[in-house]
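To start, the structure itself, in C-alpha cells.
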Amino acid sequence: VLFVEVFLIALDAEIIFFLWTLNIAAALVFFAYIVFCFAKLRAGAKELSAGSLTCNIDTKFMRGEFLEHANDMMNIRSGLTRAVNERMKSERFQSELITNVSHDIKTPLTSIVNYVDLLEKEELNNEKAKEYVEVLSRQSTKLKKLIGDLIEASKASTGVLAVNLEVCE
C-alpha cells in the first residue's frame, strides 16, 4: 500500500485521488479476504480441539498459505481419527484376548475344582493328603475367583458390563 501511495504522489494531481481510492479499496478487499480465511481456520481449529473428528474446513476460496494450513489441519484430523481407531481396535483385541484366555483357563480349573471336591468327599486316612486337598481346595477357589474378577474387569473395560447406580456412604 505504501509503495503504491508513494508512486501516486509522483503522478499528476487529477488522477491521484481515483488511484488512491482504488488502492485503499484493494487493500480493504485483501484485508477482508485474510479475515475471512482466518475465521474459517479458527472455526475448524475450535471444532478439532473440541474433539470433533468429523469437522471439515471449507477451502473453496482459500489460496496459498491459507490453503496449506487448512490442509494440514485436515491431515491432523485424519491422523487423529486413525489413531483413535487403532487405539479402539487395540483395546478390543486386548479385551478379547483377556476374555478368551480367562475362559481357556477356567475350563481346566473347573475340572480341578470338581476333582478336589470329589477328593474332599473321600475318606482319606493320611493327614498329609488331607492337608494337600485342603490347600488345593483353597487355592483353586481363590484362582477361580481371580479369573472371574478378570472376566468382569474385561467386560467393564469394553462397556459390556451392566452398571446399576446405587447410593452409598
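Given the Cα-Cα distance of THR99 and VAL29 and 0.36 nm per residue of separation, how much length would full extension add, in nm? Write out the running numbers ahead of the final one.
Details: separation 70, 0.36 × 70 = 25.20 nm, distance 6.31 nm.
Stretched out fully, the THR99 to VAL29 stretch lengthens by 18.9 nm.
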| Of LYS89/LYS145; LYS89/LYS155; LYS121/LYS144, pairs whose Cα-Cα distance is over 26 Å | LYS89/LYS145
| said: Test of understanding: what is the full-extension gain from GLU169 to PHE61, defined as 0.36 nm times their sequence separation minus their Cα-Cα distance? | reply: 32.9 nm
| Can you give the extra length, in nm with one decimal, that the chain gains between GLU127 and ILE16 once fully stretched, where that is 0.36 nm per residue apart less the Cα-Cα distance? | 28.3 nm
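Quick one: accessible area per residue over the chain, 1.4 Å probe, rounded to a whole number of Å²?
On the way: 13520 Å² over 169 residues.
For the chain, the per-residue accessible area is 80 Å².
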| query | Dimensions of the chain along principal axes (Cα, Å, largest first)? | reply | 126, 36, 23
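Quickly estimate the mean residue ellipticity at 222 nm for the chain, helices only: each DSSP H run with n ≥ 4 gives -39500 (n - 2.57), and the total goes over all residues, rounded to 500.
Details: 4 runs with 135 residues, N = 169.
Helix-only estimate at 222 nm: -29000 deg cm²/dmol.
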| message | Of the candidates ALA50, ALA39, ALA129, which one comes out as most mobile in a Gaussian network treatment of the chain with C-alpha springs shorter than 10 Å? | response | ALA129
| note | The ³J(HN,Hα) series, computed from each phi in segment 141-150 with the Karplus coefficients 6.51, -1.76 and 1.60 at θ = phi - 60°, rounded to the nearest Hz and given as x for glycine or proline, is 5, 4, 5, 4, 5, 4, 5, x, 5, 5
| task | Take the Cα coordinates of segment 105-155, assign each an equal point scatterer, and use the Debye formula without solvent to give log10 I(q)/I(0) at q = 0.18 Å⁻¹. | result | -0.59
| task | Stick to Cα atoms and the Kirkwood definition of Rh, then tell me Rg/Rh for segment 43-124. | result | 1.56
| Protein accessible area in the chain, 1.4 Å probe - carbon and sulfur % | 63 percent
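The values are calculated or read from the model by the stated rules, or taken from the named source; none is laboratory data. For clarity, every value in this text was computed on a predicted model and none was experimentally measured. For the accessible areas, the whole protein counts, side chains as well, though only heavy atoms, and no ligand, DNA or RNA atoms are used. Shrake-Rupley method; radii C 1.70, N 1.55, O 1.52, S 1.80 Å.
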